[in-house]
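S.K.: Dumping the structure here so I can ask a few things about it.
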Amino acid sequence: MITYIIVDDDELQIDFLQMHLSQIAGLQCMATYTNAFEARNKIIEQRPELLILDVEMPGLSGIQLVKSLNNPPCTIFVSSHPEYAADAFNVEAIDFIIKPVAPERLMRTIDKAVMTIEHVTGSVSQADDFSIERNAFFVKDKNVHIKIEYSDVLYIESSGNFSVIYFTTQSKQLVLANLAKMEAQLPSNRFVRISRSAIINIEHISSIGMDTLFIKEEELAIGKPFLEKVMKEVVGNNCIRRS
């Protein structure tokens, strides 16, 4: 059972999160708080495995709360202010969700958090590194190196110090390598980073707009600092325009 605490100064937002999280087997809510100072004391005392936090709160922000903890739990930020996303990932957040929260987006983030927590506690296989060859890369799983073909990868998401690989088969794999390390080693003609939290396989792009793109049926946000590079790498001179 994975325990969690919600901290948000908006009680309606807490109710919304609780309504959806209560439907997920294997999760247990320890407490909810509207005051970050009060929450901090209980987090230290109760030691939940997962925190779900707002960013802007009176007196102490969610970012400040996490920074104040010596050994913070896995953390998900939920905020209506996307400008705080960089700060959230700088404190190794699992994810940053923009309000209003779409239930399917919340579920996907919780899945990623559960994978990370189970990995850390040793209840799933240890994928502690990866290496590259010509048309594939290898993920180390305990004492075995598993070969993953580039074409089988849809996209890769950051999960704190880990990365989660999403496959065309709808399965996923947690890797003990952060997104920066994976970006540095994966071939740039096949993979491109589209935000602080995602790398995509160019082969599987079905469409691209000014701030989002689709990998098959999955819509992913393009970060503003990455947009120019993404358009150059993905579209380049291959766009046929109306005369």
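S.K.: By a straight-distance test (C-alpha under 24 Å), which lysines pair with Lys172 as possible cross-link partners, with residues fewer than eight away in the same chain excluded?
M.R.: Partners found: Lys112, Lys140, Lys142, Lys147, Lys181, Lys216.
S.K.: Further question: Which order do the peptides 51-61, 181-191 come out in when sorted by mean C-beta neighbours inside 10 angstrom, highest first?
M.R.: Ranked by mean Cβ neighbours within 10 Å, highest first: 51-61, 181-191.
S.K.: Report, in debye and to the nearest 20, how large the dipole of the chain comes out about its Cα centre when Lys and Arg carry +1 and Asp and Glu carry -1 on their Cβ.
M.R.: In debye, rounded to 20, the chain gives about 820.
S.K.: So what is the 222 nm mean residue ellipticity for the chain from helices alone, if each DSSP H run of at least 4 adds -39500 (n - 2.57) and you divide by all residues, rounding to the nearest 500 deg cm²/dmol? Mind showing how you got there, number by number?
M.R.: Working: 7 runs with 67 residues, N = 243.
Helix-only estimate at 222 nm: -8000 deg cm²/dmol.
S.K.: If you take every DSSP beta bridge whose two residues both sit in the chain, what share of them, in percent to the nearest 5, is antiparallel?
M.R.: Antiparallel bridges: around 65 percent, rounded to the nearest 5.
S.K.: Once amide H atoms are built 1.01 Å from N in the peptide plane, which residues 5 or more positions from Ile215, or in another chain, come under 5 Å H to H?
M.R.: Answer set, sorted by chain and number: Ser206, Leu220.
S.K.: On a 0 to 90 degree scale, rounded to 10, what angle separates helix 36-46 from the longest Cα axis of the chain?
M.R.: Rounded to the nearest ten degrees, it is 90.
S.K.: Under 21 Å between alpha carbons, and skipping anything fewer than 8 positions from Lys42 in its own chain: which lysines qualify?
M.R.: Cross-link targets: Lys67.
S.K.: I'd like the Karplus ³J(HN,Hα) series for the stretch 98-109: coefficients 6.51, -1.76, 1.60, θ = phi - 60°, whole numbers in Hz, and an x wherever there's a Gly or Pro.
M.R.: Result, ordered by residue: 8, 6, x, 7, 7, x, 5, 5, 4, 4, 5, 5 Hz.
S.K.: Could you derive backbone 3J(HN,Hα) for the stretch 148-161 from the dihedral phi with the Karplus parameters 6.51, -1.76 and 1.60 (θ = phi - 60°), listing whole Hz in sequence and x where the residue is Gly or Pro?
M.R.: So the Karplus estimates, Gly and Pro as x, are 10, 6, 3, 5, 7, 9, 7, 7, 10, 10, 6, 9, x, 7 Hz.
S.K.: Which whole-number percentage describes the relative contact order of the chain, with Cα contacts under 8 Å and a sequence gap of 6 or more? Present the calculation step by step, with values, prior to reporting the outcome.
M.R.: On the way: 413 pairs, mean separation 25.0, N = 243.
For the chain, the relative contact order is 10 percent.
S.K.: Can you work out the Karplus-derived ³J(HN,Hα) for every residue in the stretch 162-176? Use 6.51 cos²θ - 1.76 cosθ + 1.60 with θ = phi - 60°, whole Hz, and x for glycine or proline.
M.R.: Those phi angles translate into 10, 9, 10, 9, 9, 9, 5, 7, 6, 9, 8, 9, 8, 10, 7 Hz.
S.K.: With contacts defined as alpha carbon pairs under 8 Å and 6 or more residues apart, what's the relative contact order of the stretch 127-234 in percent?
M.R.: 18
Read the figures in this text as sums done on the coordinates, not as results from a lab. What you are looking at is a predicted structure, and each value in this text was computed from that prediction instead of being measured. Here the Cβ is made from the backbone with ideal geometry for all residues, glycine too, and neighbour counts use every protein chain on show.
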